[in-house]
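What follows draws every value from the coordinates through simple rules; no lab data is involved. Predicted, not measured: the structure shown is a model, and the values here were computed from it. Every residue, glycine as well, gets a Cβ built from its backbone with ideal geometry; the counts of neighbours run over all protein chains shown.
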Amino acid sequence: MAKVRPYYADGGLSAAFYDEITAADATLAGDVDLYAALAPEGGAVLELGAGSGRVTQALAERGFTVVGIDLSAAMLARAEARRKTLPPEVAARMAVRRGDMTALDLKRTFDAVICPFFTLAHVPAGTAWKNTFAVAGRHLASGGLFAVHLPKLDVMRNLPPVNPKAPVFDRALPDGRRLVLFVAERSFREPPGKLEQVIEYVVADASGRALQRSPERLTYYMADPTPFAEAAGLEPASPPQDLGGAGDLWVFRRP
Ligand SMILES: C[S@@+](CC[C@H](N)C(=O)[O-])C[C@H]1O[C@@H](n2cnc3c(N)ncnc32)[C@H](O)[C@@H]1O
């Protein structure tokens, strides 16, 4: 197998095809509606791990002012390219910048802080989670909400055995090529709840011949976020809400 890259790395295919894959992911359907319900009309939202701007753009289009931060240059480049295609009044409400959600200090507060699509699960459920909740608390106005979308432990625990030859995703791209994904490796350990996978991205021609291959490592960490929230002075705002069967949306309030 070719050298395994981390997810969202420069030159990798997980960043290049992030939008195609999330657009086809039914487990994310309606997530933007849930985030939009957390802030008052026209309010300010901070997105931790904004990636290619999928949610950032959608919230800016709904009238929110959104700051998205991310560590990945490849994902931020996609978000910035997306921002440039927007009508000027929408683009003016969307800002993306490089930042680490475990150490951010923008020296301002927001009506809501969001951490969509398993972003928190990309960092270990110890000091990194503690620091991310502290970041959320520090950036929330009094009464503001922090929403974090996390994978369900039960789903991670019961994933089917890996068949590296069976595609888990296979779609035609607009230019006639195909994007095909395989799970090459998978392991799950608990405690802690840690899922490690190598996903092999393959770009193929219309006849199925591989033109480009990129194995990429995707790791998720999962734990109960409530003690981390409470340590940051946040309180549960509602019970965790199922989102698409694969994860839950956890919402905490800054008193
Ligand atoms: C699954 S994507 C989510 C992107 C977007 N929020 C969405 O819902 O489509 C996870 C993102 O989190 C980013 N990320 C991972 N660790 C991070 C950290 N410590 N600080 C900031 N961003 C991080 C990755 O670079 C990636 O773009």
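Data overview
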read-out	value
4 °C / 1.567 mPa s Stokes-Einstein diffusion coefficient of the chain, Kirkwood radius on C-alpha pairs, µm²/s	69
Farthest toward positive dipole pole in the chain [+1 Lys/Arg, -1 Asp/Glu at C-beta], among Phe110, Phe169, Ala204	Ala204
For Gly245, net neighbour charge (Lys/Arg +1, Asp/Glu -1) across residues whose Cβ lies under 13 Å away	-4
Ranking of Ile21, Ile199 by count of other Cβ atoms within 10 Å, fewest first	Ile21, Ile199
Neighbourhood charge, 10 Å Cβ-Cβ cut-off, centred on Tyr220 and excluding it, Lys, Arg +1 and Asp, Glu -1	0
Whole-Å distance, taken between Cα centres, linking region 49-66 and region 1-21	22
Cα pair distances in region 52-168, grouped into 5 Å bins until the bin that holds the longest one, percent each	2, 10, 17, 20, 18, 13, 9, 6, 3, 1, 0
Debye, to nearest 20: dipole size of the chain, +1 on Lys, Arg Cβ, -1 on Asp, Glu Cβ	620
Gain in span if fully extended, Arg213 to Thr109, counting 0.36 nm per residue against the direct Cα distance	33.2 nm
Net lengthening on full extension, Glu196/Ala172 (0.36 nm per residue, minus Cα-Cα)	5.9 nm
Order of Arg254, Arg82 - criterion: other Cβ atoms within 10 Å of each residue's Cβ, fewest first	Arg82, Arg254
Segment Ala26-Thr85, length gained on full extension (0.36 nm per residue, minus Cα span)	18.7 nm
Debye intensity ratio I(q)/I(0), log10, region 82-139, q values 0.16, 0.28, 0.31 Å⁻¹ (C-alpha model)	-0.62, -1.19, -1.28
Over 17 Å [Cα-Cα, region 155-220], rounded percent	45
Region 107-125-region 127-188 distance, computed between alpha-carbon centres (Å)	14
